[in-house]
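> Below is a structure I'd like to ask you about.
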Amino acid sequence: MNHNDIIKSIRRNANIGLYGSIAVVLVAIIFYFSPFHVSYQSPEVARWMLISGSILAVLAVAMELMMIRRTAPRLRQLDDFDAQLQGYRSYIANLYPSVLSIVIIECVLMVLMSDTALLMVTILLVLMLFLAYPNMYKMKNDLGLSNEQMTSLFGDQYIADPVEAEPADANDSEPEIEDTHKE
């Protein structure tokens, strides 16, 4: 697969997951506050929906954090550039659609319960998608790519980091000071 196709796939999966989650939350909020929303749940059923939705949200947050924390170092250790990109593509393809499906379930439970108690954890899931969004500089950091690799991927869009000149020898970095003070 071409590198441009991989980048497009990463962006497509991330955009669908992020913007789809935002849209689902907004639709659920609008539907919840609309005058046409009527839900008849017994208190027992609503309580179990709240418990199951809370457990699902906590598990989803834990899964999302663990996936974000463990995947980048593992991909950074790969030697092959193509393997790094394929791994990053599968990471994004797993993370964003799975969180989108959990956000849909949470919003459905919120609307069926006629309670906004699950709204906060649902917004937390969407916020974490914002923080993990794979822009080009985050990809560089996650994969540990060089400026040459980033230029080959993104071309003129990528602005390279300036490289600082390091001293050749640690002893040469400080000049000697002569003792001119006589006692």
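> Quick one: Debye curve from the C-alpha atoms of region 69-139, no solvent, what's log10 I(q)/I(0) at q = 0.11, 0.25 Å⁻¹?
Here log10 of I(q) over I(0) equals -0.38, -1.10.
> What nm distance separates the two modelled labels at L78 and I16, each placed 7 Å from Cα along Cα→Cβ?
2.0 nm
> Can you give the extra length, in nm with one decimal, that the chain gains between Y137 and A23 once fully stretched, where that is 0.36 nm per residue apart less the Cα-Cα distance?
38.4 nm
> Could you work out the percent of alpha carbon pairs in region 24-75 separated by over 17 Å, rounded to a whole number?
63 percent
> If you build a Gaussian network model of the chain, linking Cα atoms that sit under 10 Å apart, which residue out of I102, I68, I159 swings the most?
I159
> Quick one: net charge around D80, please, counting Lys, Arg +1 and Asp, Glu -1 for every other residue with C-beta under 15 Å from its C-beta.
My count for the surroundings of D80 gives +1.
> If you don't mind, another one. If r is the Cβ-Cβ distance from S34 to I123 and R0 is 22 Å, what FRET efficiency results, to the nearest 0.05?
0.70
> Compute the Rg to Rh ratio over region 1-42 from the alpha carbon atoms, using the Kirkwood formula for Rh, and round to two decimal places.
Reported Rg/Rh (Cα atoms, Kirkwood Rh): 1.36.
> What percent of all Cα-Cα pairs in the chain falls in each 5 Å bin, counting up from 0?
Using 5 Å bins, I get a P(r) of 1, 7, 13, 14, 13, 10, 9, 7, 6, 5, 4, 3, 2, 2, 2, 1, 1, 0, 0, 0 for the chain.
> Which one, A57, C107, M136, projects farthest toward the positive side of the charge dipole computed for the chain from Cβ point charges (K/R +1, D/E -1)?
Final value for the positive-end residue is C107.
> Please sort through the DSSP H helices of the chain and keep those with an alpha-carbon extent of at least 24 Å along the long axis and a Kyte-Doolittle average not below -0.5.
3-33, 43-76, 81-113
> What length, rounded to one decimal in nm, is gained on full extension from D5 through to M66, with 0.36 nm per residue of separation minus their alpha-carbon distance? Each step should come with its number before you reach the end.
Numbers: separation 61, 0.36 × 61 = 21.96 nm, distance 2.71 nm.
Length gained, D5 through M66: 19.2 nm.
> Quick one: dipole size for the chain, taken about the Cα centre, charges +1 on Lys/Arg Cβ and -1 on Asp/Glu Cβ, in debye to the nearest 20.
I would put it at about 1740 debye.
> Count the net charge of all other residues whose Cβ sits under 12 Å from the Cβ of G17, scoring Lys and Arg as +1 and Asp and Glu as -1.
My count for the surroundings of G17 gives +1.
> While we're looking at this one, here's another question. Which is the longest part of the chain that has none of the chymotrypsin sites (Phe, Trp or Tyr not before Pro) sitting in a DSSP loop with at most 12 other Cβ atoms within 10 Å?
41-183
> Can I get the semi-axes of region 31-108's equivalent ellipsoid? Compute them from the C-alpha gyration tensor as square roots of 5 times the eigenvalues, in angstrom, largest first.
After diagonalising the Cα gyration tensor, the semi-axes are 38, 14, 7 Å.
> Using a cut-off of 12 Å between beta-carbons, work out the net charge of the residues near L100 (Lys and Arg +1, Asp and Glu -1, L100 not included).
It works out to a net charge of -2.
> Moving on to the next point. Build a GNM of the chain with springs between Cα atoms under 10 Å: which of A62, A72, A93 gets the top mean-square fluctuation?
For the chain, modelled as a Gaussian network with Cα springs under 10 Å, the answer is A62.
Bear in mind that the values in this text are calculations on the coordinates, not laboratory data. In this text the structure is predicted, and so the values were computed from the model without any measurement. So basically every Cβ, Gly included, is an ideal-geometry build from the backbone, and we count neighbours across all protein chains shown.
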